[in-house]
Every structure is written in structure tokens, then in C-alpha cells.
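Here, each number is a calculation from the coordinates, and none is a lab measurement. Predicted model only: the values in this text are computed from it and were never measured. For neighbour counting, all protein chains shown are included, and Cβ atoms are generated from backbone atoms with ideal geometry for every residue, glycine included.
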Amino acid sequence: MNTLDGLFKFHQQALSLHAERQKLIASNIANADTPGYKARDVDFVAALKNAQASQSKLQAPGLKPLGADNKGPLDAPVMYRSAVQRSVDGNTVDIDVERAQFAENAVRYEAQTMFLTSQIKQMMAAIQG
């Protein structure tokens with residue numbers, strides 16, 4: 001039973017991380033014209049590794065920590081995204097990057113739910129015979 005609980009807990013954490021990341025990316029898009037706004041994101045891969053192995057240090061290339069108190073889902077630090085091209089007003093949001101990240105995250109969320117649904121259907125079929 002522990003294996004089954006662990007499997008569902010991992011999927012729950014992954015879906016929560018996708019949802020929280022979507023909020024961060026949406027916030028970046030909403031603040032694309034806000035002077036001085038710094039684009040934020042979480043290191044998704046490291047956060048999932050943290051969910052599996054309870055690692056404490058998470059950092060991805062291209063992301064800089066905001067601070068020790070600024071934690072995202074699964075205790076993944078929310079980080080600044082490095083600007084591809086800085087704007088004159090200090091805003092680091094690249095709308096094309098944000099849109100691509102938003103779409104990719106949405107597709108991954110949907111794939112995660114489809115995979116989980118498929119696993120549940122297989123278990124139900126095995127139980128029912």
C-alpha cells in the first residue's frame with residue numbers, strides 16, 4: 001500500500017507544482033509592461049527531484065534565487081529568470097519566452113493528468129478482473 005500511496009502522492013505533487021508554476025508564468029505575462037518587474041519561475045525538474053528524494057538545494061542554470069524566505073511549491077525556491085534581452089525600464093519579462101513556457105507547462109499538466117488517469121483505469125481493470 002505504501003508504494004501506491006507514494007505513486008499518487010508524487011502525481012499530486014507534480015500536478016500542484018504545474019499549477020503553481022502556471023500562476024507564476026501568468027503573473028510574468030501580466031506584468032510584461034511593469035517597469036522594473038523581474039520575471040520569476042521555479043526549477044521544475046529540481047522540485048520534482050526534491051519531491052522524490054527530499055533534496056534541499058535546488059537551482060537551475062539561468063535562474064537566480066530571490067531569497068531564503070521566498071519558497072514556491074514543494075519547497076522549491078522561486079527564482080528570477082535571466083533576461084534574454086533587458087529592457088530600458090528594467091523589466092526582464094520576455095513575452096515570447098513566457099508564452100512558450102506557459103504553453104509547455106499546460107501541455108505537461110495535461111499529460112500528467114492523462115498518465116494518472118490511465119494508471120487508475122488500469123488498476124480498476126485489474127481489480128474488477
(request) Using θ = phi - 60° and the Karplus relation 6.51 cos²θ - 1.76 cosθ + 1.60, list the HN-Hα couplings for region 28-37 in order, rounded to whole Hz, with x at every Gly or Pro. (result) 4, 5, 5, 9, 4, 9, 7, x, x, 6
(request) Calculate one ³J(HN,Hα) per residue across region 108-125 by plugging θ = phi - 60° into the Karplus curve 6.51 cos²θ - 1.76 cosθ + 1.60, and present them in order as whole Hz with x for glycine and proline. (result) 5, 4, 4, 5, 4, 5, 5, 5, 5, 4, 4, 5, 5, 4, 5, 5, 5, 5
(request) Please sort 3-11, 43-51 by packing, taking for each peptide the average over its residues of neighbouring beta carbons within 10 angstrom, highest first. (result) 43-51, 3-11
(message) Students often check this: by mean Cβ neighbours within 10 Å, which of 113-124, 79-90 ranks highest, and how do the rest follow?
(response) 79-90, 113-124
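Full extension from Ser27 to Ala125: what is 0.36 nm times the residue separation minus their Cα-Cα distance, to one decimal in nm?
In short, 31.1 nm is gained.
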(message) At 0.36 nm per residue, and after removing the present C-alpha to C-alpha distance, how many nm does the segment from Ala100 to Gln85 gain when stretched out fully?
(response) 3.8 nm
(request) Just tell me which aspartates and glutamates come within less than 20 Å, Cα to Cα, of Lys9; anything on the same chain fewer than 8 places away is out. (result) Glu20, Asp43, Asp75, Glu110
(request) Obtain the nm distance between the two label points defined at Thr117 and Phe10 by a simple spin-label model: each point lies 7 Å from its Cα along the Cα-to-C-beta direction. (result) 2.1
(request) Hey, can you grab everything whose amide H is under 5 Å from the amide H of Ala39? Only 5+ residues off in sequence or another chain; H modelled, so Pro and N-termini drop out. (result) Arg81, Thr92, Val93
